[in-house]
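Q: Have a look at this one before I ask anything.
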Amino acid sequence: MPIYEPGLEELIRRNREHGRLSFTTDIALTIRQSDVIFIAVGTPPGEDGSADLNTYWELPGYRTHMNGYKVIVNKSTVPVGTGDKVKAAVASRTKHRFDVVSNPEFLKEGAAVDDFMKPDRVVVGTDSARARETMQDLYAPFLRTGKPLSSWTSGAPR
């Protein structure tokens, strides 16, 4: 493993052995086989403090190769309004239905595995009931601690 995180190496090994985790550089295949696409890239601050979105916009896969309904999930730290820009960029390149979701992460370095497996909270922002249901299904195994999934639509938390 290129990074150390307590429990990470074992978690990756176990899930690879059981066929639940694989790695590839074939973006087209990955997009076609996925129902949910997470965008999780670094957005370091520029000299003026604004987020550097160059890497974010260079990701071609989530804007192309779609073959059916997808939920595109933003995990990166981006400015307000980025979701609308993602919608426009994807809509200009596909005829397939999709939804864009904001799903900020609350992970601490050195405790990310535990934070993800037993979250304090899961926050989802979307305009779509279908996307909200998809995200609830996705996170259901991790919400057994009794912590709710909070969601909002049109700026109003639920």
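The values are calculated or read from the model by the stated rules, or taken from the named source; none is laboratory data. Just so it is clear, the structure is predicted and the values come from calculations on it, not from any experiment. So basically every Cβ, Gly included, is an ideal-geometry build from the backbone, and we count neighbours across all protein chains shown. Heavy atoms of the whole protein, side chains included, go into the accessibility calculation; ligands, DNA and RNA do not. Shrake-Rupley method; radii C 1.70, N 1.55, O 1.52, S 1.80 Å.
Q: Using alpha carbons only, how many angstrom separate the centre of the stretch 64-136 from the centre of the stretch 1-27?
A: A separation of 22 Å, based on Cα centres.
Q: Taking the Cα centre of the chain as origin and charging only Cβ (+1 Lys, Arg; -1 Asp, Glu), how large is the dipole, in debye to the nearest 20?
A: With only Lys, Arg, Asp and Glu charged at Cβ, the dipole is about 760 debye.
Q: Now for a different question. With every protein chain left in place, what is the accessible area of Ile27 in Å² (1.4 Å probe, nearest 10)?
A: Spelled out: Ile27, probe radius 1.4 Å, area about 80 Å².
Q: Could you sort His96, His18, His65 by accessible area so the largest value comes first, with the probe set to 1.4 Å?
A: His18, His65, His96
Q: Taking K and R as +1 and D and E as -1, what net charge do the other residues with C-beta under 13 Å from the C-beta of Arg16 add up to?
A: In short, 0.
Q: Taking the stretch 96-134, which trypsin sites (Lys or Arg not before Pro) meet the DSSP loop condition and have no more than 10 other C-beta atoms within 10 Å?
A: Answer in residue order: Lys108.
Q: How large is the helix-only mean residue ellipticity at 222 nm for the chain, computed as the sum of -39500 (n - 2.57) over DSSP H runs with n ≥ 4, divided by its residue count, in deg cm²/dmol to the nearest 500?
A: Result for the chain: -8500 deg cm²/dmol, rounded to the nearest 500.
Q: Here's another thing I want to ask about it. Which of the trypsin sites (Lys or Arg not before Pro) found in the stretch 25-90 are loop residues per DSSP with 16 or fewer other Cβ atoms within 10 Å of their Cβ?
A: Lys75
Q: Shifting gears a bit: Of all chymotrypsin sites (Phe, Trp or Tyr not before Pro) in the stretch 1-108, which ones are in loop regions per DSSP and have a Cβ with at most 16 other Cβ atoms within 10 Å? Display every interim value, and only then the final one.
A: Numbers: sites: Tyr4, Phe23, Phe38, Tyr56, Trp57, Tyr62, Tyr69, Phe98, Phe106; in loops: Tyr4, Phe23, Tyr69, Phe106.
Passing sites in the stretch 1-108 are Tyr4, Phe23, Tyr69, Phe106.
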